[in-house]
Amino acid sequence: MKNQFDTILLGHGSGGKLSHDLISELFAKHFDNDILRQQSDSAIIENPGNQLAFTTDSFVVDPIFFPGGDIGKLAIAGTVNDLAVSGAIPEYLSVGFIIEEGFGFKDLERIVITMADEAKKAGVKIVTGDTKVVDRGKCDKVFINSSGIGILDKKDTHIISGSRIKVGDQIIINGSIGDHGMAVMAARNELNITADISSDCACLHKMIGSAMEASSQIKFMRDATRGGLGTVIAELAKGKDFGIHIHEDQLIVNDGVRGICELLGFDPIYVANEGKVVMVVAAEDAQHVMKALKKHETGKNAAIIGEITGDHKGKAWLETQVGGKRIIEMLSGQQLPRIC
């Protein structure tokens with residue numbers, strides 16, 4: 001991007017020429033597609049007749065660049081995955097930027113290019129957006145809000161609620177846990193931690209699509225982001241007429257993640273992920289789903305980690321590696337600051 005400024009000015013959020021230049025020379029340039037070129041307040045999108053899934057999320061990660069990704073990749077992948085775990089096919093995204101005065105153009109462009117690349121790889125279009133610039137100190141560098149629309153087949157509307165879950169169903173996750181949260185923590189300069197950890201931040205919709213093609217018996221899906229696997233499992237069990245049994249020895253925790261968790265006193269099952277989906281699948285189809293997941297890089301380490309049980313209804317239990325059991329409760333309070 002050619003510009004005469006090294007940093008973002010308040011004028012870039014004024015709606016005048018600087019705003020126009022920022023939009024046309026940076027955002028429109030990299031996010032370019034036929035719908036975005038309409039340059040209207042709302043993107044006009046044809047509805048093919050199925051139900052629409054709509055989601056929105058905001059990203060305020062600190063630091064904004066971390067091993068395995070940055071805030072831009074996080075915004076695209078997080079929004080795509082929210083749609084995908086609802087059973088929808090992601091199609092269109094909006095992005096809104098809140099930028100602190102003084103933020104570097106080069107860093108902003110790096111983020112925008114990452115977002116454009118990630119959207120292109122995912123096969124989704126960024127069709128609308130917004131930019132605001134605030135005074136120094138009113139925002140920490142840059143915050144991003146992203147919203148997404150996906151197409152949802154009516155036969156898959158039960159997935160979001162888990163209404164068809166029954167005793168005997170198997171619980172699957174597509175790989176190791178805690179990578180994102182610990183990668184972000186290790187990247188914080190004040191901690192002075194060196195570890196070979198990379199965020200698992202990735203778009204999962206193609207892998208999920210393969211699993212849904214392999215089985216019509218996927219009962220529930222949820223991405224294990226803030227609050228990690230433990231919070232997803234606890235929320236799923238709460239108030240239900242079934243219990244959940246998780247086997248700790250089936251969970252994959254990478255050595256670097258385990259080491260930082262032990263150093264800082266974190267439980268890996270509550271550490272954030274940005275590339276993990278938790279599925280509940282009928283027992284007779286579990287291996288079909290596993291086979292489909294393992295065909296993808298993001299699912300090569302997929303594992304069956306537990307099952308739905310008729311015992312301890314409304315509760316989730318973890319069977320530890322030493323043979324003990326403990327209740328999995330929802331994360332209480334704030335375990336990790338600013339990880340997504």
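Every read-out reported here was derived from the displayed coordinates using simple, explicitly stated rules and does not represent laboratory data. Model, not experiment: these values are computed from the prediction. Cβ coordinates were reconstructed from backbone atoms using ideal geometry, including for glycine residues, and neighbour counts include every protein chain displayed.
Remark: spin-label model distance Gln321-Thr56 equals 4.4 nm, labels positioned 7 Å along the Cα→Cβ axis. Between His158 and Lys138, the modelled label-to-label distance comes to 5.0 nm, taking each label 7 Å out from Cα in the direction of the beta carbon.
Students often get this wrong, so check it: of Lys206/Lys276; Lys73/Lys295; Lys219/Lys276, which have C-alpha atoms separated by over 20 Å? Before the final figure, lay out the partial values.
Details: Lys206/Lys276 13 Å; Lys73/Lys295 23 Å; Lys219/Lys276 17 Å.
Lys73/Lys295, as the Cα separations exceed 20 Å there.
Spacing of the modelled spin labels on His312 and Lys120, each 7 Å from Cα toward Cβ, amounts to 4.9 nm.
Roughly speaking, what is the stretch gain from Arg188 to Asp34, that is 0.36 nm per residue apart minus the C-alpha to C-alpha distance, in nm to one decimal? Display every interim value, and only then the final one.
Values: separation 154, 0.36 × 154 = 55.44 nm, distance 3.95 nm.
Once the chain is fully extended between Arg188 and Asp34, it gains 51.5 nm.
Grab the other residues whose beta carbon is less than 12 angstrom from that of Ile327, score K and R as +1, D and E as -1, and report the net.
The answer is +2.
For the chain, hydrophobic long helices are taken as DSSP H runs at least 18 Å long by C-alpha position along their axis with mean Kyte-Doolittle hydropathy of 0.5 or more; these are 71-84. Look at the alpha carbon pairs under 8 Å that are at least 6 residues apart: their mean separation over the length of the stretch 114-224 gives a relative contact order of 31 percent.
Working note: Karplus 6.51/-1.76/1.60 with θ = phi - 60° gives the stretch 267-274 the couplings 9, x, 5, 9, 8, 5, 10, 10 Hz, where Gly and Pro are set to x. Distant-in-sequence amide contacts of Leu204, defined by a placed amide H-H separation under 5 Å and a gap of 5 or more residues or a different chain, comprise Asn81. Cross-link reach is defined here as a Cα-Cα straight distance under 14 Å, omitting same-chain residues fewer than 8 places apart; for Lys291 the aspartates and glutamates meeting it are Glu213.
Checking (1) 67, 64, 37; (2) 60, 45, 38; (3) 64, 52, 34 against Cα extents along the principal axes in Å calculated from these atoms, the matching label is (3). Structural descriptor for the chain: relative contact order 22 percent, calculated from alpha carbon pairs under 8 angstrom and at least 6 residues apart. DSSP beta bridges confined to the chain are antiparallel in about 75 percent of cases.
Provide the FRET efficiency to the nearest 0.05 for the Gln217-Arg338 pair, computing r from the beta carbons and using R0 = 35 Å. List each step's numbers first, then the result.
Values: r = 38 Å, r/R0 = 1.09.
Given R0 = 35 Å and the Cβ-Cβ separation, E is 0.40.
With the cut-off at 1.5 for a/c, could you classify the stretch 170-327 from its C-alpha gyration tensor as rounded, prolate or oblate? Intermediate values should be presented prior to the final figure.
Values: a/c = 2.11, a/b = 1.30, b/c = 1.63.
Note, shape of the stretch 170-327 comes out oblate.
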